[in-house]
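Taking it in order: structure first as structure tokens, then the write-up.
The values are calculated or read from the model by the stated rules, or taken from the named source; none is laboratory data. Fair warning: this is a prediction, and the values are worked out from it, not measured in the lab. Neighbour counts are summed over all protein chains in view; Cβ atoms, including those assigned to glycine, are modelled from backbone coordinates with ideal geometry. To get the accessible areas, we keep the full protein, side chains included, count just its heavy atoms, and leave off ligands, DNA and RNA. Shrake-Rupley method; radii C 1.70, N 1.55, O 1.52, S 1.80 Å.
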Amino acid sequence: MMSRRALNIRFIVIAVVLIGLAAREIALEQRPSFLRPGMKLCAYVANFGDGTVSVVDLVRLAVRATVPVGPAPAGLRTHPTRAEIWGVSTDDGYVWVLDAATDRVVARIPVGASPYALDFSPDGRTAYATASGADTVVAIDCASRQIVAHAPTGKRPLLARVTPDQKEVVVMNRDDATLQVFDSSTLALRATIPVASAPEEFLILQTPDTLTAFVAASGSAQISVVDLRSNSLLTNLPLPGQPAGMFLKPDGGELYITVPEAHELAIVNTWTHELVDVRLIGSTPSRAVFDESTLVLYVSDSAANGVVPVDVQYRTTSNPVPVGQSPGALALDPAVPHNLLLVADENSNDLAIIRVRTGSLITMVHVGNSPRDIAVLLY
């Protein structure tokens, strides 16, 4: 018969093995499967209230660094080919570049008063930014970080977007309600197209036969549809209220618009340019992000302090995932299928991290004051 001491030793050995296996499973569950040894996965959160960017390690689920970038940071973008995060300082009028390897700002490029956003050419060679206080658009060489072209625009340009074929840059001017089309190399003006009043956002959809801009206009609660081949306004679609955000289905067939005052998601057929459906979705739906692998649109509801998953194939909603106070900006990790959904909580100053597979909140990481933008970088 085995002695009691031998039984105790065997029990201890088995317990140690089980604890080790459990720890390994927990580590594997937390570490994304696509993240090979030596690679890093970080979220960069722009804190509008204190002029910093919080660098959040998405494996350790903790803030790795807090980087001063300048007052009123906005427009965070991951560079297409470099391990860099770009953004703007709206109050100080420059584009800044954050090097991911060192967590330091390595360039500040003056572009004019009140920039709000920027965009890259698909090849990553050129960045474009508008200065809404100076009525200009500039082109920046990403290698030298020098301005290589600039041009006057309409009144209060908020956004510049590069067409998918890289031939043109489209600028949206809020105060004179126009889109302007510029040559991407020289910034020579090609066309000016009127749209509905007070445009706030626009997207570009390219198909083999069409190149179309959809413009969300808060002043008239409409979506303007613009043909960028003929540079003409096709139609203005009425909405049930002022639009907040626009999101294209991955195949480009439908456009989804959040309408906070109506508590709805409006759906536009991008081929027929018709409003085909509206769906009640929470209290004040605003910003969103698309999971292209599951066709789920995650919508932040700032009043209800949650994120609403919307199955766009069946146009149904799931129970909201509770997060912090006043959730706004959202982002997904770069894996397909995605592992993590990130949500910036503006009033509680947190980054909520949600496991996509289970739809459950993993943790909330405290960041800076009034986080409003997120970029995610794998390097």
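Here THR294 does not qualify as among the hydroxyl-bearing types (Ser, Thr, Tyr) and at pLDDT 95 or above. Taken over the range 243-267, the residue count meeting the criterion of being assigned to a strand (DSSP E or B), aliphatic (A, V, I, L, M) and surrounded by fewer than 21 Cβ atoms within 10 Å (Cβ to Cβ) is 3. Just one of (1) outside any strand (DSSP E or B); (2) farther than 14 Å from ALA244 by Cα; (3) in contact with a strand residue (DSSP E or B) (Cβ under 8 Å, 6 or more places away or on another chain) fails for VAL276. It is (1). Do we find that SER318 is of a type in the set (S, T, N, Q), in contact with a Lys or Arg (Cβ under 8 Å, 6 or more places away or on another chain) and more than 26 Å from THR210 (Cα to Cα) in this structure? Criteria not met by SER318.
Looking at VAL138, is it more than 26 Å from PHE48 (Cβ to Cβ) and among the hydrophobic types (A, V, I, L, M, F, W, C)? Steps first, please.
Numbers: more than 26 Å from PHE48 (Cβ to Cβ): no; among the hydrophobic types (A, V, I, L, M, F, W, C): yes.
Here the answer is no, as VAL138 does not meet what is asked.
Candidates are the residues of the range 225-242 that are within 27 Å of LEU189 (Cβ to Cβ) and outside any strand (DSSP E or B); the one that is most open to solvent (accessible area, probe 1.4 Å) is ARG229.
Scanning the range 320-338 for residues that are touching a strand residue (DSSP E or B) at 6+ places or on another chain (Cβ under 7 Å), over 18 Å from VAL308 (Cβ atoms) and not acidic (Asp, Glu) returns a single hit, PRO334.
Inside the range 225-243, residues that are under 25 Å from the mean Cα position of the chain (by Cα) and in contact (Cβ under 8 Å) with a residue 40 or more places away in the chain make up a count of 4.
Given the criteria farther than 27 Å from ILE362 by Cβ and either modelled with pLDDT under 95 or surrounded by 13 or more Cβ atoms within 10 Å (Cβ to Cβ) (or both), does ASP99 qualify? Working first, answer last.
Numbers: farther than 27 Å from ILE362 by Cβ: yes; either modelled with pLDDT under 95 or surrounded by 13 or more Cβ atoms within 10 Å (Cβ to Cβ) (or both): yes.
Yes.
Restricting attention to the range 285-303, the residues that are surrounded by fewer than 18 Cβ atoms within 10 Å (Cβ to Cβ) and either hydrophobic (A, V, I, L, M, F, W, C) or closer than 15 Å to ALA262 by Cα (or both) add up to 2. Does ALA288 qualify as being within 20 Å of HIS338 (Cβ to Cβ) and assigned to a strand (DSSP E or B)? Spelling it out, ALA288 is indeed within 20 Å of HIS338 (Cβ to Cβ) and assigned to a strand (DSSP E or B). Working only within the range 303-317, note down all residues that are in contact (Cβ under 8 Å) with a residue 40 or more places away in the chain and closer than 15 Å to VAL278 by Cβ. Listed by number, the residues that qualify are VAL310, VAL312, ARG315. Would you please name the residue that is farthest from ALA100 (Cα to Cα), looking only at residues in the range 62-82 that are open to solvent by 40 Å² or more (accessible area, probe 1.4 Å) and in a loop (DSSP other than H, G, I, E, B)? Here the residue is PRO71.
Would you mind finding the one in VAL307, VAL336 that is among the β-branched types (Val, Ile, Thr) and open to solvent by less than 20 Å² (accessible area, probe 1.4 Å)?
Values: VAL336 fails: open to solvent by less than 20 Å² (accessible area, probe 1.4 Å).
Only one candidate qualifies: VAL307.
Here ALA139 qualifies as hydrophobic (A, V, I, L, M, F, W, C) and farther than 27 Å from ASN236 by Cα.
Using the structure shown, decide if ILE267 is over 29 Å from CYS42 (Cα atoms), among the hydrophobic types (A, V, I, L, M, F, W, C) and modelled with pLDDT under 95. So ILE267 fails the test.
Hand me the list of strands (runs of 3 or more DSSP E) wholly inside the range 104-152 holding 3 or more residues that are open to solvent by less than 20 Å² (accessible area, probe 1.4 Å) and over 14 Å from ASN173 (Cβ atoms).
Values: elements: 104-110, 115-120, 126-131, 136-141, 146-152.
Here the list reads 115-120, 126-131, 136-141.
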